[in-house]
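Every number here is computed from the coordinates shown, using simple stated rules; none is lab data. As the structure is a prediction and not an experimental result, all values here were calculated from the model. Because the Cβ atoms are built from the backbone with ideal geometry, glycine has one as well, and the counts that use them run over all protein chains shown.
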Amino acid sequence: MSAFSEALGLDVPIIQAPMAGVQAGKLAAAVSAAGGLGSLPCAVLAVEAMVKELELVRAATRRALNVNFFCHAAPAPDASREAAWRRALAPYYAEFGLDAEKIPAGAGRAPFADDFADALEPFKPEVVSFHFGLPAEKLVRRVKSWGSRVIASATTVEEARWLEAHGADAVIAQGFEAGGHRGIFLGNDLTTQVSTLALVPQVVAAVKVPVIATGGIADAKAVAAALSLGASAVQVGTAFLLCDEMTTTPLHRAALKGESRGHTAITNLFTGRPARGLVNRLMRELGPINAAAPEFPLATAALAPLRAKAEAAGRSDFSSMWAGQNPSGCREVPAAQLLSGLAALL
Ligand SMILES: Cc1cc2nc3c(=O)[nH]c(=O)nc-3n(C[C@H](O)[C@H](O)[C@H](O)COP(=O)(O)O)c2cc1C
């Protein structure tokens with residue numbers, strides 16, 4: 001066992017990746033109770049909803065918990081880009097009989113800020129993790145002041161060094177295979193993004209803090225391989241997507257079980273930031289990367305009614321179905337069972 005897992009009282013050095021939109025406290029509680037590190041994603045939760053989920057987890061188990069936030073800078077709305085995006089979507093609005101004028105613009109995902117910190121403090125989660133860098137220094141200090149360890153995703157060696165220099169207690173090395181949003185935050189050049197096998201040993205060599213490997217890890221052999229590369233723990237997302245405690249939609253579940261379940265791409269269409277998801281109609285027709293998509297998270301609002309209409313008709317053409325390149329570990333079982341399978345060679 002690594003010092004990282006021992007300090008948190010984990011039985012296995014496995015973190016269940018926080019996955020906004022497809023899970024809440026129920027999954028986190030199940031994984032933590034089973035001896036891994038369960039994670040509660042808060043990127044799409046309001047403060048009150050976060051508190052409700054935290055109460056649920058703490059009532060179920062007192063073992064270590066990770067609470068996860070996005071920490072992007074809120075973008076200034078850009079009317080001409082929004083208009084260009086709506087022009088790109090116009091044929092779809094026409095197809096579904098939607099009036100583009102009536103679709104409100106909106107933010108969608110709130111970054112970590114004092115309101116979340118105020119509500120989080122009484123729970124003192126053992127770990128707080130961030131995606132897209134770190135929040136302002138005073139917020140990092142505040143989270144640490146109540147005893148939480150701060151961890152964050154790095155997609156390059158440079159980002160890992162930056163996180164260590166800015167106070168991260170551990171760094172999550174996110175390989176290009178990973179499902180969901182790229183954690184990339186120093187620049188936006190996707191050619192800098194490399195695989196887990198290439199990234200983890202380079203990050204291990206570059207920083208002194210513990211390194212957590214993530215991206216494409218789907219079975220016990222891959223867990224052992226990541227640890228042998230010098231990782232102190234692994235973070236697994238996609239493999240949990242079909243577990244009983246997940247709120248993964250029926251359409252997303254069906255796609256993960258279908259023939260094209262391994263066909264993913266990095267796209268900015270759904271939120272404005274690059275994220276890996278199962279390839280669908282919108283990605284084929286407008287992307288997967290499109291310069292008209294407004295800055296994160298503003299791209300989401302214009303798509304919402306299309307998504308709703310298509311989903312009501314049983315189609316995932318406009319849904320973001322985040323998933324990594326390796327769906328081979330997905331099982332329709334309780335999360336504790338999936339966790340013990342991942343830990344089988346430790
Ligand atoms: C459905 C889904 C949602 C995700 N949402 C988040 C999130 O809210 N916060 C976060 O830090 N990472 C998120 N991620 C990324 C994971 O933290 C992790 O990098 C990724 O799942 C690892 O690769 P894997 O999916 O191949 O296991 C998400 C991943 C998936 C698959």
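Structure notes:
- Taken one residue at a time, the phi angles of the stretch 248-254 give Karplus couplings (6.51, -1.76, 1.60, θ = phi - 60°) of 2, 5, x, 5, 5, 4, 4 Hz. Gly and Pro are set to x.
- The loop-placed trypsin sites (Lys or Arg not before Pro) in the stretch 33-93, going by DSSP, that have at most 14 neighbouring Cβ atoms within 10 Å of their Cβ come out as 62.
- Span from the the stretch 247-323 Cα centroid across to the the stretch 47-75 one, whole angstrom: 25
- R0 of 30 Å, Cβ-Cβ distance residue 119-residue 87: FRET efficiency to nearest 0.05: 0.15
- Binning all Cα-Cα separations of the chain at 10 Å, short to long from zero, yields these whole-percent fractions: 6, 26, 36, 24, 7, 1.
- If you wrap the tightest convex hull around every Cα atom of the stretch 25-79 and split its volume per residue, you get 84 Å³.
- Fraction of beta bridges assigned by DSSP in the chain that are antiparallel (%, nearest 5): 20
- Evaluated over the Cα positions of the stretch 199-254, the convex hull gives a direction-averaged projected area, one quarter of its surface, of 4.7 nm².
- Evaluated at q = 0.13, 0.14, 0.16, 0.20 Å⁻¹: base-10 log I(q)/I(0), Debye formula over Cα of the stretch 187-344: -0.71, -0.81, -1.00, -1.27
- Computed from label points 7 Å out along Cα-Cβ, the spacing between residue 141 and residue 47 is 2.1 nm.
- In the chain, the DSSP-assigned H stretches of four residues or longer account for a calculated mean residue ellipticity at 222 nm of -10500 deg cm²/dmol, using -39500 (n - 2.57) per stretch and the full residue count as denominator.
- Lysines with Cα under 21 Å of residue 52, excluding same-chain neighbours fewer than 8 positions away: 26, 124
- Rounded to whole Hz, the Karplus (6.51, -1.76, 1.60) HN-Hα couplings of the stretch 184-201, x for glycine and proline: 3, 9, 9, x, 9, 7, 5, 6, 7, 8, 10, 6, 4, 4, 7, 6, 4, x
- Whichever lysines have a C-alpha closer than 28 Å to that of residue 102, once near sequence neighbours (fewer than 8 apart) are set aside: 309
- Based on Cα contacts under 8 Å between residues 6+ apart, the stretch 106-224 shows a relative contact order of 22 percent.
- Residues with amide H under 5 Å from that of residue 149, placed H, sequence gap 5 or more: 127, 128
- Per-residue 3J(HN,Hα) values for the stretch 53-66, derived from phi via the Karplus relation 6.51 cos²θ - 1.76 cosθ + 1.60 with θ = phi - 60°, read 5, 5, 5, 4, 5, 5, 6, 7, 7, 9, 6, 4, 9, 10 Hz in sequence order (x marks Gly and Pro).
- Taken over the stretch 59-129, the ratio of Cα radius of gyration to 2.2 N^0.38 Å equals 1.74.
- Over the chain, Cα pairs under 8 Å with separation of 6+ residues give a relative contact order of 19 percent.
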